[in-house]
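Participant: Questions regarding the structure given below will be posed in turn.
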Ligand SMILES: [Zn+2]
Ligand SMILES: [Zn+2]
């Protein structure tokens, strides 16, 4: 299958290192980077980009469709100037740091900042002329503002955020001391092909949340797996064995396994339903139903192979400053998730995301 999206990882850590925070540059494969980039999260930004270009100068040239644009390779300033909009899951500093720091130096073009209303209101507290100059506006007619707040609704619809890409937003729980704190999950859709991927901001397990909302997301994803949607980016901040009262609104490998089991259960429900519907609608057909559907009816209770064809990208692993692991923490955590999901033969491929990776979806 042809690739649909290009994504470059400016940062994928969960802190505290300011050098590797959530930040991804995204475009559709049928356009060039210079035609417009969506900044998906904005933790690490121009500094990380400069570093990545020093070690991999051709990371953006390689995907230019025309040779003319690939010489000379674009600079960090070029690439940053091609950002058209920001898509932000929540306003914690590790997800908005570069958006704030670069807002005053982005040049003439105004950028939209897409997020849930509470997220944008939190950002407004930063752009208060106290923590930072007020460079953002709610007024579409305010052309002097560097940033324009643009609210995403949780209404089941896809909203166009660029000429080729639209987004459906879910609100999910991310801890919170007194009141639940909202983060977002995005279904990111390529308009012409209809293909999608799923991107979670920080999220806590349904089994721990006071307002569990992940199951709603899994129910929406299940019918799309693996043809329409074959990639999920999801956090796993902590390594295995972390106590529930120390999660602080995040996932650990055991909880991510449980969430993926919930997804697999929903996928199996959808497949059983498809078999039943096909059986009732074509009782007169000569061809065996299973053969025409190219799926085998799952045996009750089994989740084996339910997530076959799905890639699960592990992000937002928190640095352990006193780590005793011999491998980097993101690889340790991805390995732990892999071992837990392999035990159940769910069939998903578990991938450790690295800073500077170019991922095609
Ligand atoms: Zn975070
Ligand atoms: Zn957070």
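The values are calculated or read from the model by the stated rules, or taken from the named source; none is laboratory data. Bear in mind the structure is a predicted one, so any value in this text is a computation, not a measurement. As a convention, Cβ positions derive from the backbone with ideal geometry for all residues, glycine included, and neighbour counts pool all protein chains shown.
Participant: Do any residues in segment 181-207 that are touching a residue at least 40 places away in the same chain (Cβ under 8 Å) and over 24 Å from residue 257 (Cβ atoms) have Cβ atoms under 7 Å from those of residues that are within 15 Å of ligand 2 (Cβ to nearest atom) and assigned to a strand (DSSP E or B), where the two are at least six apart or on different chains, and which pairs are they?
Facilitator: 182/171; 188/199
Participant: Which one of 100, 96 is part of a helix (DSSP H, G or I), under 13 Å from residue 148 (Cα atoms) and in contact with a helix residue (DSSP H, G or I) (Cβ under 7 Å, 6 or more places away or on another chain)?
Facilitator: 100
Participant: Being under 21 Å from residue 80 (Cα atoms) and surrounded by fewer than 16 Cβ atoms within 10 Å (Cβ to Cβ) is the requirement here; does residue 101 meet it?
Facilitator: Judged against the criteria, residue 101 is a match.
Participant: Kindly establish whether residue 28 is buried (at least 21 other Cβ atoms within 10 Å of the Cβ), within 15 Å of ligand 1 (Cβ to nearest atom) and at pLDDT 95 or above.
Facilitator: The answer is no for residue 28.
Participant: Which pairs have Cβ atoms under 8 Å, sit 6 or more apart or on different chains, and link a residue in segment 76-92 that is assigned to a helix (DSSP H, G or I) to one that is within 16 Å of ligand 1 (Cβ to nearest atom)?
Facilitator: 80/45
Participant: Pairs under 8 Å by beta carbon, first residue closer than 22 Å to residue 172 by Cα in segment 93-121, partner within 15 Å of ligand 2 (Cβ to nearest atom) and in a helix (DSSP H, G or I), six or more apart or different chains?
Facilitator: From residues that are closer than 22 Å to residue 172 by Cα, the pairs are 96/123; 96/126; 113/99; 113/123; 115/123.
Participant: A further question follows. For segment 141-259, list the strands (runs of 3 or more DSSP E) that sit wholly inside it and hold at least 2 residues that are within 16 Å of ligand 1 (Cβ to nearest atom) and either on the phi > 0 side of the Ramachandran plot or buried (at least 22 other Cβ atoms within 10 Å of the Cβ) (or both); which are they?
Facilitator: In segment 141-259, the matching strands (runs of 3 or more DSSP E) lie at 165-173, 182-190, 196-200, 229-235.
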